[in-house]
């Protein structure tokens with residue numbers, strides 16, 4: 001049985017909400033999110049051996065990877081707020097992961113829909129977090145206009161492609177956008193935080209590989225669960241709420257989280273296919289004719 005991505009997204013939202021509600025205080029909540037993040041960053045490298053080899057074996061990848069690394073470093077040292085850098089990562093990942101199930105080559109107009117979806121997801125993300133001090137420069141009127149225009153384009157393309165999809169496939173291709181718009185509405189009444197969205201991201205990317213292993217290769221599950229649980233335990237023990245006598249200072253732990261978040265996001269442009277084609281084409285293996 002193949003798990004639909006929208007079911008994993010809903011489960012990710014529920015787990016995030018439960019973890020937030022049952023955290024004793026802000027330091028406990030923050031420590032759990034950071035620990036999930038550090039584990040996510042390491043696991044993504046462990047399970048990206050093939051992608052790393054592909055990039056290293058292709059000389060044509062060196063220049064774009066160098067440019068990506070330089071850009072990421074420049075943004076980090078110039079203190080671009082992580083909330084902005086992560087926003088691009090989040091919108092791209094949530095949008096283009098669907099290309100694994102629905103290749104754009106098979107559906108005419110799907111590429112245009114994905115583009116409008118990426119814009120809509122990014123605008124929804126900014127709208128939900130517009131209360132943050134780092135985002136006070138945003139023009140709210142332009143933000144809402146961008147969200148409205150991208151939503152109109154997205155649902156226009158979705159309607160055009162509707163006959164190509166089965167009902168569950170149709171839901172798969174619009175579930176995250178609907179969730180995003182609902183969160184924008186909820187944000188007028190409840191304060192949705194950056195760490196809540198980040199936590200959802202980490203949990204989703206912990207569950208998604210597990211769902212694929214359950215469907216295609218169950219024998220890999222024990223190793224994956226052992227590594228995931230082991231890393232989470234280790235980083236919790238090292239966190240400000242850890243059990244060891246030596247604990248990282250909260251501010252230092254946060255600085256390390258920001259640093260490795262920048263590294264992870266930057267490297268993901270080269271290693272992950274959950275990005276638009278104008279990014280992935282620089283790092284995917286060149287297809288040669290027989």
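The values are calculated or read from the model by the stated rules, or taken from the named source; none is laboratory data. Because the structure is a prediction, the values reported are computed rather than measured. Please note: Cβ atoms are built from the backbone with ideal geometry, for glycine as well, and neighbour counts cover all protein chains shown.
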Query raised in the report: Among the residues of the stretch 98-138, which ones are in contact (Cβ under 8 Å) with a residue 40 or more places away in the chain, assigned to a loop (DSSP other than H, G, I, E, B), within 24 Å of residue 3 (Cβ to Cβ) and more than 19 Å from the chain's Cα centre (by Cα)?
Result: 107
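A quick yes/no check of all residues on (1) crowded, with 18+ Cβ neighbours inside 10 Å; (2) closer than 19 Å to residue 118 by Cβ; (3) more than 18 Å from the chain's Cα centre (by Cα):
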residue: 46; (1), (2), (3): no, no, no
residue: 73; (1), (2), (3): no, no, yes
residue: 79; (1), (2), (3): no, no, yes
residue: 85; (1), (2), (3): yes, yes, no
residue: 96; (1), (2), (3): yes, yes, no
Report summary line: If we keep only residues of the stretch 48-70 that are closer than 22 Å to residue 259 by Cβ and either in a loop (DSSP other than H, G, I, E, B) or without any contact (Cβ under 8 Å) to a residue 24 or more places away in the chain (or both), then the residue nearest to the chain's Cα centre (by Cα) is 48
Report task. Kindly indicate whether residue 6 is in contact with a helix residue (DSSP H, G or I) (Cβ under 9 Å, 6 or more places away or on another chain) and either farther than 30 Å from residue 243 by Cα or surrounded by fewer than 16 Cβ atoms within 10 Å (Cβ to Cβ) (or both). Result -> yes
Query raised in the report: Of the residues that make up the stretch 179-192, is at least one surrounded by fewer than 18 Cβ atoms within 10 Å (Cβ to Cβ), under 18 Å from the mean Cα position of the chain (by Cα) and not in a helix (DSSP H, G or I)?
Result: yes
Report summary line: Quick count over the stretch 71-87, residues being in a helix (DSSP H, G or I) and more than 17 Å from residue 123 (Cβ to Cβ), is 8
Requested in this report: Output the number of the condition that residue 240 fails; it satisfies all remaining conditions of (1) at pLDDT 85 or above; (2) touching a helix residue (DSSP H, G or I) at 6+ places or on another chain (Cβ under 6 Å); (3) over 30 Å from residue 70 (Cβ atoms).
Outcome: (1)
Query raised in the report: Quick one: would you say residue 197 is in contact with a helix residue (DSSP H, G or I) (Cβ under 8 Å, 6 or more places away or on another chain) and within 19 Å of residue 14 (Cβ to Cβ)?
Result: yes
Report summary line: Considering residues that are in a helix (DSSP H, G or I) and either closer than 14 Å to residue 114 by Cβ or in contact with a strand residue (DSSP E or B) (Cβ under 6 Å, 6 or more places away or on another chain) (or both), the number found within the stretch 165-177 is 3
Query raised in the report: For the stretch 148-164, does any single residue satisfy the condition of being surrounded by fewer than 16 Cβ atoms within 10 Å (Cβ to Cβ), in contact with a helix residue (DSSP H, G or I) (Cβ under 8 Å, 6 or more places away or on another chain), at pLDDT below 95 and not in a helix (DSSP H, G or I)?
Result: no
